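Some notes on the structure that comes next.
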Amino acid sequence: MTVSTQQRSIDRAPRSSSLYDVLELILDKGLVIDIYVRVSLVGIELITIDARIVIASVDTYLRFAEAVNRLDLTQSKDSKTLPEMVGSITEGGAGRKAKGALEGAAEAVSDAFTKGRGEEGEKKEKVRASRPTHTRRAREEEEG
Amino acid sequence: MAAENGTYVFAIVGANHPCRLAGLTGVGESGAPLRRLDAGSVVAIVSDAPPGLRAKRRDLLTHHRVLAQLSEQGPLLPMRFGVVAPNEKELDAELRREADHHLAMLAQLAGRVEMNVKLLPNEDVLVREAATEDAAVQELRGTVSPDREGQIQLGEAVAGAVKQRERADAERVLATLQPFASQTVEGPDVTGCALNAGFLVDRDNLAKFAERVTRLDAELGDRASLKCTGPIPAYSFVAT
């Protein structure tokens with residue numbers, strides 16, 4: 001768990017990982033003076049759509065089924081049993097909780113960020129197919 | 001200077017907010033200076049809007065940084081990213097029109113901050129649980145045909161059982177943390193999170209809240225973990 005709270009000094013700039021953690025709030029919450037929202041931000045629409053991809057799909061069901069079929073229920077809880085489910089998990093080390101897969105959309109958001117960084121390109125980023133590649137935590141470490 | 005691209009609005013505060021703006025700049029490549037726009041009993045923190053404003057990482061970070069710093073100085077209503085008024089005159093008129101509403105919201109937020117809590121389930125564990133505990137999954141697992149249709153049926157049952165468990169954990173988190181907050185809202189869906197909730201917490205209560213989050217994370221064991229971010233500006237508690 002991460003508690004990036006209390007100790008943060010008042011004037012310190014938020015780290016990029018904490019931006020990622022509140023991204024959906026900055027884009028989706030907060031006060032709007034409705035008659036004044038004049039700028040329709042292409043980037044915003046894309047990112048919020050990405051973040052809301054609903055992944056309950058046939059593909060997901062098939063992956064779940066495969067995962068269950070491969071489960072050897074005699075194995076201990078600690079053993080890795082679902083390599084397909086977790087995709088290319090890059091995190092490791094003792095004490096880390098492995099995160100679930102199916103975070104393609106989160107990665108798409110992250111990608112949009114990376115691509116948007118510093119350049120003026122106006123190309124629309126395509127919404128990625130929702131294939132798990134990185135966990136949320138792994139992605140943060142790359143960015144952090 | 002007349003702002004040809006409009007006036008970017010960061011936040012609305014009360015007239016007694018200190019508005020210390022040193023070290024802060026606006027969104028956009030050149031980072032226009034921030035200023036206060038006094039409109040009677042309320043003040044807007046604004047800057048000239050840059051041309052071609054988009055939701056770039058740099059600008060989202062700038063927006064958040066300005067709000068985070070100003071909210072440490074006193075209660076504020078954080079604007080959503082990208083709110084641009086046509087000009088200061090119209091913004092001023094709007095602020096005066098809505099002043100009572102804004103002051104009422106500011107009063108609600110005084111002395112309080114938002115804490116964001118995300119519940120990140122461990123699917124490995126929950127799928128295993130579904131396979132060992134869920135009656136429907138267990139039955140299908142033994143009887144369903146190996147063809148595509150059968151597998152979709154099985155997978156759907158597993159997904160349902162996993163979702164049920166995630167929701168139960170989410171309810172547990174809400175029930176556990178709600179007593180430490182004056183308001184609670186569930187935030188936008190975030191992929192990979194079974195719960196994304198905002199808690200409006202008294203500053204005096206922050207230590208207890210954080211302690212309870214830490215303990216709850218331990219109690220959840222390997223089923224899920226909690227990610228707590230804050231204090232952050234009260235994005236989730238400024239309903240329009």
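The values are calculated or read from the model by the stated rules, or taken from the named source; none is laboratory data. What you see is a predicted model; the values in this text were computed from it and never measured. Backbone-built Cβ (ideal geometry, glycine too); neighbour counts: all protein chains shown.
Looking only at segment B:158-181, how many residues end up being within 11 Å of chain A (Cβ to nearest Cβ) and either of a type in the set (Gly, Ala, Ser) or touching a strand residue (DSSP E or B) at 6+ places or on another chain (Cβ under 6 Å) (or both)? Steps first, answer last, please.
Of all residues in segment B:158-181, those within 11 Å of chain A (Cβ to nearest Cβ) come to B:158-163, B:166.
After this cut, where a residue has to be either of a type in the set (Gly, Ala, Ser) or touching a strand residue (DSSP E or B) at 6+ places or on another chain (Cβ under 6 Å) (or both) as well, the list is B:159-161, B:166.
Matching residues across segment B:158-181 total 4.
Determine, yes or no, whether B:VAL42 is under 21 Å from the mean Cα position of the chain (by Cα), crowded, with 22+ Cβ neighbours inside 10 Å and either modelled with pLDDT under 95 or over 23 Å from A:VAL22 (Cα atoms) (or both).
no
Restrict the check to segment B:160-174 and report whether at least one residue is at pLDDT 95 or above and either part of a strand (DSSP E or B) or under 21 Å from B:ALA110 (Cβ atoms) (or both).
Checked segment B:160-174: no residue is at pLDDT 95 or above and either part of a strand (DSSP E or B) or under 21 Å from B:ALA110 (Cβ atoms) (or both).
What number of residues within segment B:119-135 are under 36 Å from the mean Cα position of the chain (by Cα) and farther than 30 Å from A:VAL22 by Cα?
Here is the first cut: in segment B:119-135, the residues under 36 Å from the mean Cα position of the chain (by Cα) are B:119-134.
Subset that is farther than 30 Å from A:VAL22 by Cα: B:128-134.
Qualifying residue count for the region: 7.
Which residues, counting only those in segment B:197-216, are surrounded by 22 or more Cβ atoms within 10 Å (Cβ to Cβ) and within 13 Å of B:ARG172 (Cα to Cα)? Before the answer, list the steps.
Restricting attention to segment B:197-216, the residues satisfying the condition of being surrounded by 22 or more Cβ atoms within 10 Å (Cβ to Cβ) are B:198-199, B:201, B:209, B:213.
B:VAL213 - this is the single residue of segment B:197-216 that is surrounded by 22 or more Cβ atoms within 10 Å (Cβ to Cβ) and within 13 Å of B:ARG172 (Cα to Cα).
Restricting segment B:66-115 to residues that are of a type in the set (Asp, Glu) and outside any helix (DSSP H, G or I), which is nearest to the chain's Cα centre (by Cα)?
At the first step, the residues of segment B:66-115 found to be of a type in the set (Asp, Glu) are B:72, B:88, B:90, B:92, B:94, B:98, B:100, B:114.
Among the residues that remain, those that are also outside any helix (DSSP H, G or I) are: B:98, B:114.
Values: B:GLU98: 24, B:GLU114: 8 Å.
For segment B:66-115, the residue satisfying everything is B:GLU114.
Kindly indicate whether any position in segment B:226-234 is in contact with a Ser or Thr (Cβ under 8 Å, 6 or more places away or on another chain), within 9 Å of chain A (Cβ to nearest Cβ), within 20 Å of B:ARG172 (Cα to Cα) and among the β-branched types (Val, Ile, Thr).
yes
Is at least one residue of segment B:12-23 of a type in the set (S, T, N, Q), more than 26 Å from A:LEU19 (Cβ to Cβ) and touching a residue at least 12 places away in the same chain (Cβ under 8 Å)?
Going residue by residue through segment B:12-23, those that are of a type in the set (S, T, N, Q) are B:16.
The next check asks that each one be more than 26 Å from A:LEU19 (Cβ to Cβ); those that pass are B:16.
If we keep only those that are touching a residue at least 12 places away in the same chain (Cβ under 8 Å) too, we end up with B:16.
For segment B:12-23, residues of a type in the set (S, T, N, Q), more than 26 Å from A:LEU19 (Cβ to Cβ) and touching a residue at least 12 places away in the same chain (Cβ under 8 Å): present.
Can you tell me how many residues within segment B:98-127 are free of Cβ contacts under 8 Å to residues at least 60 places away in the same chain and surrounded by fewer than 23 Cβ atoms within 10 Å (Cβ to Cβ)?
Of the residues in segment B:98-127, the ones free of Cβ contacts under 8 Å to residues at least 60 places away in the same chain are B:98, B:100-101, B:104, B:107, B:110, B:123-124, B:127.
Filter once more, keeping what is surrounded by fewer than 23 Cβ atoms within 10 Å (Cβ to Cβ): B:98, B:100-101, B:104, B:107, B:110.
Residues meeting the conditions: 6.
Here's a check for you: in segment B:68-103, which residue that is touching a strand residue (DSSP E or B) at 6+ places or on another chain (Cβ under 9 Å) and of a type in the set (S, T, N, Q) is modelled with the lowest pLDDT? Give the steps one after another, and end with the answer.
Taking segment B:68-103 and keeping what is touching a strand residue (DSSP E or B) at 6+ places or on another chain (Cβ under 9 Å), we get B:68, B:70-80, B:82-88, B:90-96, B:98-99, B:102-103.
Narrowing further to those that are of a type in the set (S, T, N, Q): B:71, B:73, B:87.
On the way: B:SER71: 94, B:GLN73: 95, B:ASN87: 87.
Only one residue tops the list, namely B:ASN87.
Here's a check for you: in segment B:116-126, which residue that is facing chain A (nearest Cβ under 7 Å) and outside any helix (DSSP H, G or I) is farthest from B:LEU206 (Cα to Cα)?
B:ASN122
With the requirement that a residue be part of a helix (DSSP H, G or I) and surrounded by 19 or more Cβ atoms within 10 Å (Cβ to Cβ), what does segment B:217-232 give you?
Looking only at segment B:217-232, we keep the residues that are part of a helix (DSSP H, G or I), and these are B:217-220.
Passing the criteria: B:ASP217, B:LEU220.
Taking the criterion of being under 30 Å from B:LEU226 (Cβ atoms) and out of contact with any Gly (no Cβ under 9 Å at 6 or more places or on another chain), would at least one residue in segment B:142-156 satisfy it?
Of all residues in segment B:142-156, those under 30 Å from B:LEU226 (Cβ atoms) come to B:155-156.
Okay, now just the ones that are also out of contact with any Gly (no Cβ under 9 Å at 6 or more places or on another chain), so B:155-156.
Yes - at least one qualifying residue is present in segment B:142-156.
If B:LEU61 satisfies every condition in (1) surrounded by 15 or more Cβ atoms within 10 Å (Cβ to Cβ); (2) part of a loop (DSSP other than H, G, I, E, B) but one, which is the exception?
(2)
Looking only at segment B:34-49, decide whether some residue is of a type in the set (Ser, Thr, Tyr) and part of a loop (DSSP other than H, G, I, E, B).
The initial filter retains those residues of segment B:34-49 that are of a type in the set (Ser, Thr, Tyr), namely B:41, B:47.
Those left that are additionally part of a loop (DSSP other than H, G, I, E, B): B:41.
Yes: one or more hits.
I need a count of the residues in segment B:201-220 that are more than 9 Å from chain A (Cβ to nearest Cβ) and without any contact (Cβ under 8 Å) to a residue 12 or more places away in the chain.
Residues in segment B:201-220 being more than 9 Å from chain A (Cβ to nearest Cβ) and without any contact (Cβ under 8 Å) to a residue 12 or more places away in the chain: 3 in total.
Could you please tell me which pairs satisfy a Cβ distance under 8 Å, a separation of 6+ or placement on different chains, a first residue in segment B:188-200 that is within 16 Å of B:GLY230 (Cα to Cα) and touching a residue at least 40 places away in the same chain (Cβ under 8 Å), and a second residue that is assigned to a loop (DSSP other than H, G, I, E, B) and charged (D, E, K, R)?
Final answer for the pair search is B:ASN196/B:ASP189; B:GLY198/A:LYS29.
Here are B:THR191, B:THR184: which of them is assigned to a loop (DSSP other than H, G, I, E, B), among the hydroxyl-bearing types (Ser, Thr, Tyr) and either surrounded by 15 or more Cβ atoms within 10 Å (Cβ to Cβ) or within 9 Å of chain A (Cβ to nearest Cβ) (or both)?
On the way: B:THR184 fails: assigned to a loop (DSSP other than H, G, I, E, B).
B:THR191 is the lone residue from the list that is assigned to a loop (DSSP other than H, G, I, E, B), among the hydroxyl-bearing types (Ser, Thr, Tyr) and either surrounded by 15 or more Cβ atoms within 10 Å (Cβ to Cβ) or within 9 Å of chain A (Cβ to nearest Cβ) (or both).
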